[in-house]
1. Could you tell me the relative contact order of the range 1-134? Use alpha-carbon pairs under 8 Å, at least six residues apart, and round to a whole percent.
2. So what J values fall out for the range 36-49 if you push phi through Karplus, 6.51 cos²θ - 1.76 cosθ + 1.60 with θ = phi - 60°, rounded to Hz, Gly and Pro as x?
3. Output the peptides 197-205, 400-408, 276-284 sorted from most to least packed, where packing is the average of other Cβ atoms within 10 Å over each peptide's residues.
4. Given the options ALA526, SER502, GLN488, identify the residue whose Cα lies farthest towards the positive end of the charge dipole of the range 474-563 (+1 on Cβ of Lys, Arg; -1 on Cβ of Asp, Glu).
5. Keeping all protein chains in position, work out how much accessible area VAL429 exposes to a 1.4 Å probe, and write it in Å² to the nearest 10.
6. Ranked from highest to lowest mean number of other Cβ atoms within 10 Å per residue, what is the order of the peptides 28-40, 83-95?
7. Based solely on its DSSP helices, what 222 nm [θ] is calculated for the chain when runs of n ≥ 4 H residues each add -39,500 (n - 2.57) and the sum is averaged over all residues, nearest 500 deg cm²/dmol?
8. Within 10 Å, count the other beta carbons around each residue, average over each peptide in 594-604, 660-670, 98-108, and list them highest first.
Amino acid sequence: MSEVVNYQRQGSIGVITVNYPPVNALSHAVRSGLLDALKQGQADADAKALLLVCDGRTFVAGADITEFGKPPQSPGLPEVVAEYENSEKTIVAAIHGTALGGGLELALGCHYRVALESAKVGLPEVKLGLLPGAGGTQRLPRLTGAQKALEMITTGDFASAKDALANGIVDAVEAGDDVKAVGLAYAEKAVADGKGPRRVRDVEDKVASEKGSDIFSQFRAGLEKKARGLFSPFKCVDAVEAAFTLPFDEGMKRERELFMECMESPQRAGLIHSFFSERQVSKVPGLPKDTPVRDINSVGIIGAGTMGGGIAMNFANVGIPVLLLELKQEALDKGLAIIRRNYENSAKKGRITQAQVEERMALIKPTLAYEDFSDVDLVIEAVFENMGVKKEIFGTLDKICKQGAVLASNTSTLDIDEIASATTRPEDVVGMHFFSPANVMKLLENVCGSKTSNEVKATVMAIGKRIKKVSVLVGNCYGFVGNRMLHQRGAEAIKLVNEGASPQQVDKVLTDLGFPMGQFAMSDLAGIDVGYRIREERRKAGEDIPASWMDKLAEQGRLGQKTQAGTYLYEEGSRKPVVDPAVDELIAEFRKEQGITPREITDQEILERCMYVMINEGAKILEEGIAARALDIDIVWIYGYGFPAYRGGPMFWADQVGIESIYNTVRKFHDTLGGDQWKPSSLLERLAGEGKTFGSL
Ligand code: 3HC
């Protein structure tokens, strides 16, 4: 008997139980076990019908992703599903938790499906760069029709049990949480009612009535925008279309061919790297799993501006009360009004109810007095980037906050150790760097100072999870992981324009790579004054930051979207960048002043300079231990800066491009362009020499 799939009879029903924690993924052992258990069920003369059910937290959540990219082992999943579908004994699948991907495909191979009310079903393969490869594209549309199947398969979104019932994906939905009892009752009734096997492959009415419909071309046209740059969503449409143009067995063959095309695509590798990395970042090397975590039941936030307000919303959204502090009533009122407006907008879009708007607003209490923070468990300071101001605030917090409170700064660049030095408890001080808009962006870069205690590190990682962020723990240095790399890219982008590229050419290279926006459109969004102020501060500190045409923009008050003019122009109420000839003139003038003769710059040079400077910096970040693993950097960039997940993050992308070639180009730029940013990282040099990758570290 397989250890992971068990067969036992209960009364007249043969029960096949999968028990393969954590999510009952369809590993080789599970697939083999499923076939063995089916054989036993068939041979058991006293079993009038069979029930497929899972132990643990969920029904089968899909194929075993860890097996992808390895040589396939028989039996394959399509074969297992076919054996279940072809069974002469009726098989009922009872679903709890999530029936996803291969899990739903297995359930679709069963003859009837009953789900708990709390269950969800979906075919999320597209999120991994794949398509459902065990009959999902052929069976689902036979139950739902083309439109619903296309939506589910191209978005990967889950359907609730109720929605699944309404669309024919499941046959019944039951209350309660005893999935086995629900399944047994359904199977016993099926026997009593004389319900024989009903095979989805033979359900033809929907495919027949929608044959020849133009829904597929329409759907493809819609995807051009929604799935820009992606490979598998289009293959999903091809596969679903095959269900409407080919007999079932040929449709299955077509699905397999398309599945293999996706499997071999680099996007599949990138997306699966992203999937596992997103989960790996919470397991911090050197931070023991059993590190105690402090209870966080109340939060104080300093600053009700865009950042502070967005941060407050994260906590209110999960029911944690917030005290929001400003020094002036007017600023407090303004901040609260913006938070309310954001919530009202979500309610208008139907994402939350009006009652939830009020509940969440009631959790955010305004205050003008630091003394009110005496009992909070966590404070997050979110005022503007000025070390003097921050130190003063932390000095005050040190006097007021109770012992054991976590004292966090939302600084995006500044030295956490220096901030901590303003307190008598540097072990409680930490960075919690949210990304703007903080109520939307998924990344939380938690920054450890040299004295931050393990308990505080574990606490900020845990609270990040509670407020539904993807949290990455990083070390302390200027700009930490994300902004340190971004600053290098930004400086290089500005220089490329100094030398002859146009801002829109630079931006296009980046959007062609898959970024949602280019460097300059991003500066317009963030505000050109932000970078300008940082450059000015660094100049004051004696750093050699060359003059640039962007400084001129800032000095002219062209601060980006907020002034409707930055590197681009913006029409009233629009976020669409429009090229402005006045900026071309300003750049031309700047070049003249600096004695630069502009030259033709290729897209390849832009790509190499913008990206390799980041990779080189990323390698230095690894070398210095600021990031523990290359995958931490990848996740920072995917969730904080919109790096295309299908390219797996910058360090994964670098591995695909080739470390040796990147190293050689970095060296060439060091020789020709000079500058510390091009000094090859010794890690990059070593990896190139040894023929290794960042992923191998
Ligand atoms: N294969 C292997 N491991 C998986 C897995 C899978 N399909 N799904 C989840 N896991 C692992 C995770 O990596 C994690 O491992 P860890 O504890 O070592 O980090 C563990 O299971 C728990 O996962 P989560 O932390 O994500 O747990 P949640 O409870 O938050 O979420 C879930 C559970 C909703 C099932 C979520 O894990 C998920 O969305 N999984 C992926 C589902 C999926 O994409 N299925 C389709 C697979 S492709 C396929 O089926 C191809 C077929 O058509 C041929």
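1. Numbers: 281 pairs, mean separation 30.4, N = 134.
Over the range 1-134, the number comes to 23 percent.
2. With the stated coefficients, the range 36-49 comes to 4, 5, 5, 4, 4, x, 5, 7, 7, 4, 7, 8, 7, 8 Hz.
3. Order by mean packing, descending: 400-408, 276-284, 197-205.
4. Positive-end residue among those listed: ALA526.
5. We get 0 Å² for VAL429.
6. Values: 28-40: 19.7, 83-95: 21.7.
Peptide ranking by packing, descending: 83-95, 28-40.
7. Rounded to the nearest 500, the figure is -15500 deg cm²/dmol.
8. By packing density, highest mean first, the sequence is 98-108, 660-670, 594-604.
The values are calculated or read from the model by the stated rules, or taken from the named source; none is laboratory data. The shown structure was predicted, so the numbers you read here are calculated from the model rather than taken from an experiment. Positions of Cβ are generated from backbone atoms using ideal geometry, with glycine treated the same way; all protein chains shown enter the neighbour counts. We work out accessible area using only protein heavy atoms, side chains counted, and drop any ligands, DNA or RNA first. Shrake-Rupley method; radii C 1.70, N 1.55, O 1.52, S 1.80 Å.
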